[in-house]
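Everything on this sheet refers to the single structure shown next.
Since every read-out is calculated from the coordinates, none of them should be taken as a lab result. Because the structure is a prediction, the values reported are computed rather than measured. So basically every Cβ, Gly included, is an ideal-geometry build from the backbone, and we count neighbours across all protein chains shown.
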């Protein structure tokens, strides 16, 4: 659920996982696992990801 929305927002901006990783300082493998719902996102990660994607955390839920 969160991962699908994250991927949707990221790809709409034509961002790769590595670029998002640079913007968030979260390892790209962690971001990949979050996108594929293999890892739960923490609140602090959700805040940083949302900011990097130019949206609110609530928009990603």
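Every residue, every condition in (1) outside any loop (DSSP other than H, G, I, E, B); (2) surrounded by fewer than 15 Cβ atoms within 10 Å (Cβ to Cβ); (3) out of contact with any helix residue (DSSP H, G or I) (no Cβ under 6 Å at 6 or more places or on another chain); (4) touching a residue at least 24 places away in the same chain (Cβ under 8 Å), yes or no:
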residue	(1), (2), (3), (4)
18	yes, yes, no, no
22	yes, yes, yes, no
41	no, no, no, yes
46	yes, no, no, yes
52	yes, no, no, yes
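Are any residues in region 24-39 assigned to a helix (DSSP H, G or I) and surrounded by 14 or more Cβ atoms within 10 Å (Cβ to Cβ), and if so, which ones? Before the answer, list the steps.
The first filter runs over region 24-39 and keeps only residues assigned to a helix (DSSP H, G or I), leaving 24, 28-35.
Correct list: 24, 28, 30, 31, 32, 33, 34, 35.
When region 1-15 is examined, which residues are found to be over 10 Å from the mean Cα position of the chain (by Cα) and part of a helix (DSSP H, G or I)? Let's see the steps before the verdict.
Step one: of region 1-15, the residues over 10 Å from the mean Cα position of the chain (by Cα) are 1, 11-15.
Within region 1-15, 11, 12 qualify.
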